[in-house]
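See structure below.
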Amino acid sequence: MINSRPGFLKPSPQHVPAQRGAVYLVGAGPGNPELLTLRAARLLQQADVVIYDNLVAPAILDLANAAAERVYVGKRSGLHTMPQQSISDLLVKYARQHKRVVRLKGGDPFIFGRGGEEIETLASRGIPFEVVPGITAAAGVAAYAGIPLTHRDHAQSCVFVTGHLKDGSMNLDWEALARPNQTVVIYMGLPGLPTLCAELVAHGLAASTPAAIVQQGTTDSQRVLTGTLQTLPAIAAAAQLAPPTLIIIGSVVSLRDKLAWFEAENKQQESAVLEKQHR
Ligand code: SAH
């Protein structure tokens, strides 16, 4: 092993080839393969095994070395996700077989991705690892929706939260989220969208605050629906959206009217029609 300290790879990974017996925790970006980093693409080409889950698009997996073993650890219909500890144990197992292991995760591995938990296990077992950041959904999806997350006239801060429902409710710091001049981005928020909008209004945001929900952002299937805190839940329900979806709340959403650049015309029309119906 090339490392001077057990459990750590040499820094400065530029052009450094993947090492055997090491794990590369790689962010795959928000779905469009063009948004992979160079480092991610290079490591995929050198991988002996690629361990991936739900959000990794087939077009991204296709970039992996053809001989690499592909191991799916996500949710299959009707089945549960593999427990986090089993995934971490799998990474350890392959690394101990002297494989070049790429652990591929949607977006950025450290943002709502449990990447930290996986490398904690690696660190405690002395397995060398490297972390390759990816474009997180908030950054990628907002860019492709034409919504700048900050803008001097609209928002001086931006917060990312998970809207995952726990026992049917959402345990968030509503007062902090309802601050003025702030953009709020919600991951995993579709089932909780009505609660989210109602709570933000109850804590002081205007019901007319612009809000958007984006399905499969950055990909050819991207759909963007816009409305307000008052109208978005009904607009989203009528559109029968399916995950992955990202919710963006704040006055920056209004900039999309001028700045949208990615969707086909018919998709923009869909948004306009639905919005009209729910006004
Ligand atoms: N680590 C990932 C997030 C994992 S949580 C990242 O940094 O992006 C999964 C959630 O991310 C989804 O439920 C959805 O809210 C969001 N997401 C990921 N890709 C998306 C996409 N292409 N379009 C919309 N939302 C996306």
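The values are calculated or read from the model by the stated rules, or taken from the named source; none is laboratory data. Just so it is clear, the model here is predicted, and its values are computed rather than measured. Every residue, glycine as well, gets a Cβ built from its backbone with ideal geometry; the counts of neighbours run over all protein chains shown. These area figures cover heavy atoms from the full protein model, side chains too; ligands, DNA and RNA do not enter into them. Shrake-Rupley method; radii C 1.70, N 1.55, O 1.52, S 1.80 Å.
So, of the residues in the range 212-258 that are free of Cβ contacts under 8 Å to residues at least 40 places away in the same chain and among the hydroxyl-bearing types (Ser, Thr, Tyr), which turns out to be farthest from the ligand (Cβ to nearest atom)?
Top of the filtered list is THR228.
Of (1) modelled with pLDDT of 90 or more; (2) in contact with a helix residue (DSSP H, G or I) (Cβ under 8 Å, 6 or more places away or on another chain); (3) buried (at least 16 other Cβ atoms within 10 Å of the Cβ), ARG42 satisfies all except one. Which?
In the conditions (1) modelled with pLDDT of 90 or more; (2) in contact with a helix residue (DSSP H, G or I) (Cβ under 8 Å, 6 or more places away or on another chain); (3) buried (at least 16 other Cβ atoms within 10 Å of the Cβ), ARG42 misses (2) alone.
Please go through the range 159-182 and give me each residue that is within 16 Å of the chain's Cα centre (by Cα) and touching a residue at least 60 places away in the same chain (Cβ under 8 Å), ordered by number.
We begin by selecting, within the range 159-182, every residue within 16 Å of the chain's Cα centre (by Cα); these are 159-164.
Within the range 159-182, just GLY163 meets the criteria.
Among the residues of the range 84-110, write down those that are surrounded by 20 or more Cβ atoms within 10 Å (Cβ to Cβ) and closer than 19 Å to ALA138 by Cα.
Listed by number, the residues that qualify are LEU104, LYS105, GLY106, GLY107, ASP108, PRO109.
Looking at THR150, THR162, THR209 in this structure, which one is of a type in the set (Val, Ile, Thr) and within 14 Å of the ligand (Cβ to nearest atom)?
THR162
Give LEU55, LEU61 a once-over and let me know the one that is closer than 19 Å to THR219 by Cα, of a type in the set (A, V, I, L, M, F, W, C) and open to solvent by 60 Å² or more (accessible area, probe 1.4 Å).
Criteria check complete, one pass: LEU55.
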